[in-house]
Amino acid sequence: MLSKSRFLAGLQCPLRLWYQCYEPQLATEISPAQQAIFDTGHEVGRLATKLYPKGVHIEEEYFRHDQAVRSTVAAMGTPDVRAIYEAAFVYDGVRIRVDILQKLDNGKWNLIEVKSSTNVKDVHLPDVAVQDYVLHGCGLSIEQAGILHLDKQYVYEGSHLDLERLFSFTDLTDKLFVQIGLVPSQLNDFKEMLADNKAPSIPPDRHCMNPYPCEFWDHCTRKMPEFWVIGLSGIGQNRLCELADMDVQDIRDIPASFPLTQFQKRIRSCAINQEEYV
Ligand code: SF4
């Protein structure tokens with residue numbers, strides 16, 4: 001079984017998904033700063049549910065997914081329930097919890113993913129797409145699928161928190177078509193990769209920070225030199241690939257003839273000469 005977060009981890013890097021499944025102890029512990037970001041996300045998610053009244057919260061923890069699915073099915077069949085928070089579904093080996101599933105009078109549903117960001121990001125498309133894929137697979141008819149995010153135009157005046165103005169919904173339904181079509185083959189790729197008991201060989205580079213910093217960064221980079229070329233400020237992916245082709249990992253080993261900016265040349269010179277430049 002894959003969760004949505006593992007699916008997204010696999011899209012960022014198959015090795016990250018493999019580690020999450022088989023070697024989770026290699027991850028760096030969550031820092032207080034990261035925990036604060038997660039806590040903010042939970043608080044935003046809690047506030048968002050107030051925009052969709054007459055709702056039911058599926059309380060079961062993530063490790064009790066089967067029971068959560070049963071509770072969700074029961075809530076869907078309850079006539080006066082208008083929304084389900086943390087609705088649980090499973091299809092094609094993927095378990096999801098939908099932040100808010102809104103019931104419509106025409107028998108259809110709205111899929112609402114809550115984010116504490118102030119806009120929609122590229123990574124949100126596969127996030128909503130995999131949920132839409134699972135919901136369709138479970139037989140739900142989805143009218144709108146999108147992101148409920150914060151509206152940065154809203155200014156809190158210090159007394160009443162106006163949730164209608166704090167949040168803004170961006171409908172992604174029309175943009176999801178292509179992305180949803182990719183999900184089955186992406187899932188197959190992940191299943192094949194996870195069936196192998198050997199971790200895929202993927203060197204760390206810029207993809208490790210995009211769209212989210214990977215928790216296995218410290219592990220994957222533990223053998224990298226102190227002056228690793230990825231630390232060369234402003235260097236692009238193409239130049240990094242050229243250095244990798246030349247088997248150059250250390251800034252000090254970059255040939256003098258290699259095209260660098262003045263700034264990068266200064267960094268290289270400081271590393272070679274063990275000098276500080278202020
Ligand atoms: S640090 Fe980079 S290479 Fe290693 S698992 Fe994470 S994303 Fe993949």
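Before moving on, here are some points about what is shown:
- For R95, the residues 5 or more places off, or on other chains, whose built amide H falls under 5 Å of its own are L2, S3, K4.
- Euclidean distance of C-alpha centroids, region 228-278 and region 27-90, integer Å: 47
- Cα gyration tensor, region 224-273 - rounded (a/c under 1.5), prolate or oblate: rounded
- Per-residue ellipticity at 222 nm, computed for the chain from helices alone with -39500 (n - 2.57) per DSSP H run of at least four residues, works out to -12000 deg cm²/dmol.
- With at most 13 neighbouring Cβ atoms within 10 Å, loop GluC sites (Glu not before Pro) (DSSP) excluded, longest segment of the chain: 62-156
- Distance between the modelled labels on K152 and N210, one decimal in nanometres: 2.0 nm (7 Å Cα→Cβ projection).
- Dipole of the chain, positive end: most advanced residue of G137, G234, A244 [Cβ charges, Cα centre]: G137
- At an R0 of 22 angstrom, the distance between the Cβ atoms of D247 and M224 translates into a FRET efficiency of 0.95.
- q = 0.13, 0.16, 0.24 Å⁻¹, region 167-274: log10 I(q)/I(0) [Debye, one scatterer per Cα]: -0.72, -0.88, -1.36
- Added length on full extension, which subtracts the Cα-Cα distance from 0.36 nm per residue, L182 to S257: 22.7 nm
- Nonlocal amide H pairs with I100, under 5 Å, H built at 1.01 Å: E86, I112, V114
- Full-extension gain in nm, V278 to H136, via 0.36 nm per residue minus C-alpha separation: 45.3 nm
- On full extension, the segment bounded by H42 and S5 gains 11.8 nm, given 0.36 nm per residue less the C-alpha separation.
- Rounded tilt (10° steps) of 176-195 against the dominant C-alpha axis of the chain: 60
- Rg/Rh, computed from the Cα trace of the chain with Rh as the Kirkwood radius, has the value 1.05.
- Within the chain, the longest run free of exposed loop sites, counting chymotrypsin sites (Phe, Trp or Tyr not before Pro) that sit outside DSSP helix and strand states (H, G, I, E, B) and have at most 16 other Cβ atoms within 10 Å, spans 1-153.
Every number here is computed from the coordinates shown, using simple stated rules; none is lab data. Predicted, not measured: the structure shown is a model, and the values here were computed from it. Please note: Cβ atoms are built from the backbone with ideal geometry, for glycine as well, and neighbour counts cover all protein chains shown.
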